[in-house]
Amino acid sequence: MSASIDTHAAAAPVSSGLQQPYHLVDPSPWPIMGASGGFLIVLGIVFGAHFGNWLLLLVGAAVVLATMFLWWRDVVKESRTPGVYTPVVRIGLRYGMLLFITSEVMFFVAFFWAYFNFALFPEHVAGAKMAIWPPEGIRTSAPFSIPFLNTMILLLSGTTVTWAHHCLIENDRKGMLTGLGLTIFLGASFTCLQAFEYSRSAFQFGGTIYPSVFFLATGFHGFHVIVGTIFLTVCWFRAWAGQFTPERHFGFEAAAWYWHFVDVVWLFLFTCIYWAGASAVTAG
């Protein structure tokens with residue numbers, strides 16, 4: 001009996017005592033929960049398209065939204081735990097955010113590729129009667145009306161978010177909250193104006209290639225503006241709660257990077273699609 005006890009004692013794991021700078025995350029149910037939600041969304045789209053039953057899609061969307069909230073709640077909690085986010089871990093977070101933005105860049109490259117494929121070779125458009133772009137019968141939005149106003153709004157929002165970042169570094173809490181609040185207001189204003197522009201559009205989604213490419217490119221950008229506005233809103237509440245310091249504020253920094261990415265993409269959209277791609281006679 002004593003020999004058996006000695007054997008088990010010898011096999012017990014013993015800490016090496018070596019300190020390492022990496023964050024070993026705790027077991028989490030959120031990855032499998034998020035994957036299940038994504039599967040339900042895809043399955044729901046299939047059932048909805050073929051049988052008109054969208055219940056699985058709604059359930060999947062609810063599961064994904066719950067996963068996002070609970071997972072990010074844990075990430076915020078981890079960021080406030082002393083000793084968890086070491087300098088090496090913070091570098092890894094920066095690389096991860098940069099790679100995520102790079103993947104988003106390639107996402108929009110696909111839309112621009114589709115647009116320029118038809119803009120430069122309009123004869124490839126199915127059923128095209130004339131080799132012109134935009135196709136005959138399409139009246140695009142006047143570039144120097146709502147689209148130009150939205151351009152000014154996003155450029156100003158890039159200035160206010162940078163102001164908020166500098167206020168944070170200077171430990172100016174009031175200035176940081178003001179700058180973030182203005183950025184959130186400008187982001188919401190952009191979304192409202194884009195919705196208004198869509199409601200007055202001379203063409204609707206579907207039917208021909210131009211509306212499809214236009215609404216996919218500008219609509220997905222609008223979705224990213226909404227995501228960025230929510231991101232900044234969360235940062236505003238975290239800043240109000242005193243969770244950011246001049247030395248440790250990567251959550252806010254990541255939100256600012258994402259917002260500047262949204263700004264730059266819009267400049268390309270405005271220049272290439274709204275301005276250079278305007279029809280001879282515009283609407284509005």
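The values are calculated or read from the model by the stated rules, or taken from the named source; none is laboratory data. Predicted, not measured: the structure shown is a model, and the values here were computed from it. Note that we place each Cβ from the backbone using ideal geometry, even for glycine, and neighbour counts take in every protein chain shown. Heads up: the accessible areas ignore ligands, DNA and RNA and are worked out on the full protein's heavy atoms, side chains in. Shrake-Rupley method; radii C 1.70, N 1.55, O 1.52, S 1.80 Å.
Note down the magnitude of the dipole of region 65-220 about its Cα centre, charges +1 on Lys and Arg C-beta and -1 on Asp and Glu C-beta and zero elsewhere, to the nearest 20 debye.
It works out to roughly 340 debye.
By how many degrees, between 0 and 90 and to the nearest 10, does the Cα long axis of helix 209-240 differ from the longest principal axis of the chain?
40
Given 25 °C and 0.890 mPa s, how large is the Stokes-Einstein diffusion coefficient of the chain in µm²/s, with Rh as the Kirkwood radius over Cα pairs?
Diffusion coefficient, whole number: 109 µm²/s.
By its C-alpha gyration tensor, with a ≥ b ≥ c as the square roots of the eigenvalues, how is region 77-172 shaped: rounded for a/c under 1.5, else prolate for a/b larger than b/c, else oblate?
Oblate, since a/c reaches 1.5 and b/c is not below a/b.
For region 84-236, what ratio Rg/Rh do Cα atoms give with a Kirkwood hydrodynamic radius? Spell out each step's value before the answer.
Values: Rg = 19.6 Å, Rh = 18.2 Å.
Result for region 84-236 is an Rg/Rh of 1.08.
Could you grab the relative contact order for the chain? Cα pairs under 8 Å, six or more apart, rounded to a whole percent.
Normalised by residue count, the contact order of the chain is 20 percent.
Taking all protein chains as present, what is the carbon and sulfur share of the accessible area of region 65-129, in % to the nearest whole number, probe 1.4 Å?
Of all accessible area on region 65-129, carbon and sulfur atoms account for 74 percent.
Where does helix 87-120 land angle-wise versus the long Cα axis of the chain, in degrees 0 to 90, nearest 10?
Computed tilt is about 20 degrees.
What are the ³J(HN,Hα) values, in whole Hz, obtained from phi via the Karplus relation 6.51 cos²θ - 1.76 cosθ + 1.60 with θ = phi - 60°, for each residue of region 250-256 in sequence order, with x given for Gly and Pro?
The phi angles translate into 5, x, 5, 4, 5, 5, 5 Hz.
Let me have the 222 nm mean residue ellipticity of the chain computed from DSSP H runs of 4+ only, each contributing -39500 (n - 2.57), with the sum over all residues rounded to the nearest 500.
-24000 deg cm²/dmol
Over region 115-273, what is the mean sequence separation of C-alpha contacts under 8 Å (at least six apart), divided by residue count, expressed as relative contact order in percent?
Details: 148 pairs, mean separation 42.5, N = 159.
That works out to 27 percent.
Which far-off residues, 5 or more places away or on another chain, put their amide H under 5 Å from the one on Ala283, with H placed in the peptide plane?
Answer set, sorted by chain and number: Thr140, Ser141, Ala142.
Rounded, prolate or oblate: which one fits region 49-100, using the alpha carbon gyration tensor with axes a ≥ b ≥ c (rounded when a/c is under 1.5, else prolate when a/b beats b/c, else oblate)?
It is oblate, given that a/c is not under 1.5 and a/b is not larger than b/c.
Accessible area per residue, 1.4 Å probe, Å², for the chain: what's the number?
I get 59 Å² per residue for this part.
So for region 180-278, what percent of the C-alpha to C-alpha distances run longer than 15 Å?
So the pairs more than 15 Å apart make up 66 percent of the total in region 180-278.
For Ser201 and Met97, compute 0.36 nm times the residue count separating them, minus their Cα-Cα distance, and round to one decimal in nm. Could you put the intermediate results ahead of the total?
Values: separation 104, 0.36 × 104 = 37.44 nm, distance 3.54 nm.
Gain in length upon complete extension: 33.9 nm.
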